[in-house]
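Written out below as structure tokens is the structure these notes cover.
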Amino acid sequence: MALFIAMFQGFIALPTAFDTVAWHYHEMLFGYVAAVLAGFALTAIPNWTGRLPLQGPPLLVLVLFWLAGRVAVAGSAIIGVGAAAAIDLLFLAGLAAVILREIVAGRNWRNLPLVVAVILFFLCNGLLHSETLGLIDSDGRVQKLSIAVPVLLITLIGGRIIPSFSRNWLAKRDAMRLPASFGRFDRLTLGATLVALT
């Protein structure tokens with residue numbers, strides 16, 4: 001945010017191929033939101049699968065992929081948009097691979113939609129880089145999809161976790177009525193959210 005404000009006010013200029021607003025948009029989604037997504041996934045997956053969390057060198061590699069992406073996008077006017085895109089895409093590709101490996105190893109098939117969401121987010125990032133390269137012109141549709149994917153993921157996860165936490169808290173207090181489990185209504189809500197976002 002500090003860099004964006006300084007860029008927007010004309011105090012600094014990063015050597016990026018993105019214009020100021022596009023750089024900010026990209027980094028908030030594929031820098032910040034992607035990091036939040038990774039933090040959630042890498043914390044939640046051990047609870048889902050009963051396996052140890054990602055740690056040591058594999059975790060360090062994932063962090064370095066994320067950091068390299070931020071530096072590459074910021075310096076994309078120097079190294080080239082294609083090279084910056086390739087480096088930037090490593091993080092989400094690596095994250096999807098880690099999540100898939102853990103879900104398969106733990107046979108936790110219920111959470112495969114998380115892998116699908118990360119892959120969709122990866123594709124959105126690739127499409128956004130393709131626009132910067134001038135290969136496609138989506139007329140803003142890629143930007144909408146790039147926001148829709150994390151919003152849908154928040155809706156899905158929130159629809160599962162909030163009732164679960166509420167149920168656990170209420171059950172400890174011997175409540176007579178407990179929240180309903182994720183069901184048909186929640187699926188319809190996800191579908192309506194998807195329609196509203198597209």
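Ordered by 1.4 Å accessible area with all protein chains kept, Met28, Met176, Met7 run largest first as Met176, Met28, Met7. In the chain, the longest principal axis of the Cα atoms and the axis of helix 141-172 are about 30 degrees apart.
Secondary-structure-derived ellipticity at 222 nm for the chain, considering helices only, amounts to -24500 deg cm²/dmol, per-run term -39500 (n - 2.57) for DSSP H runs with n ≥ 4.
A dipole drawn for the chain from +1 and -1 charges on Cβ atoms has a positive end, and of Leu197, Cys124, Gly50 the residue lying farthest that way is Gly50. Carbon-plus-sulfur accessible fraction, the chain (probe radius 1.4 Å, protein heavy atoms only): 70%. The equivalent ellipsoid of the range 64-198 has semi-axes of 36, 18, 12 Å, largest first, where each one is the square root of 5 times an eigenvalue of the Cα gyration tensor.
When only alpha carbons are used to place a centre, the range 112-132 and the range 60-89 end up 16 Å from one another. In the chain, taking the dipole from charged Cβ atoms about the Cα centre, the farthest positive-side position among Asn111, Val33, Trp23 is held by Asn111. Normalised Debye scattering of the range 23-94 at q = 0.18 Å⁻¹ gives log10 I(q)/I(0) of -0.70, counting only Cα atoms as equal scatterers and leaving out solvent. Based on protein heavy atoms only, the range 28-87 ends up with 50 Å² per residue of surface accessible to a 1.4 Å probe. Over the range 62-124, the Kirkwood radius and the radius of gyration, each from Cα atoms, give a ratio Rg/Rh of 1.10. Based on alpha carbons, the Rg and Dmax found for the range 1-156 are 16.2, 52 Å. Using DSSP to define loop residues, name the chymotrypsin sites (Phe, Trp or Tyr not before Pro) in the range 102-198 whose beta-carbon has at most 10 other beta-carbon atoms within 10 Å. Nothing satisfies the criteria.
Placing +1 at every Lys and Arg Cβ and -1 at every Asp and Glu Cβ, with all other atoms neutral, what dipole size does the chain have around its Cα centre, in debye to the nearest 20?
For this selection, approximately 1120 debye.
The values are calculated or read from the model by the stated rules, or taken from the named source; none is laboratory data. Worth saying up front: this structure is predicted, and the values here are computed from it rather than measured. Cβ: placed from backbone, ideal geometry, glycine included. Neighbour counts: every protein chain shown. To get the accessible areas, we keep the full protein, side chains included, count just its heavy atoms, and leave off ligands, DNA and RNA. Shrake-Rupley method; radii C 1.70, N 1.55, O 1.52, S 1.80 Å.
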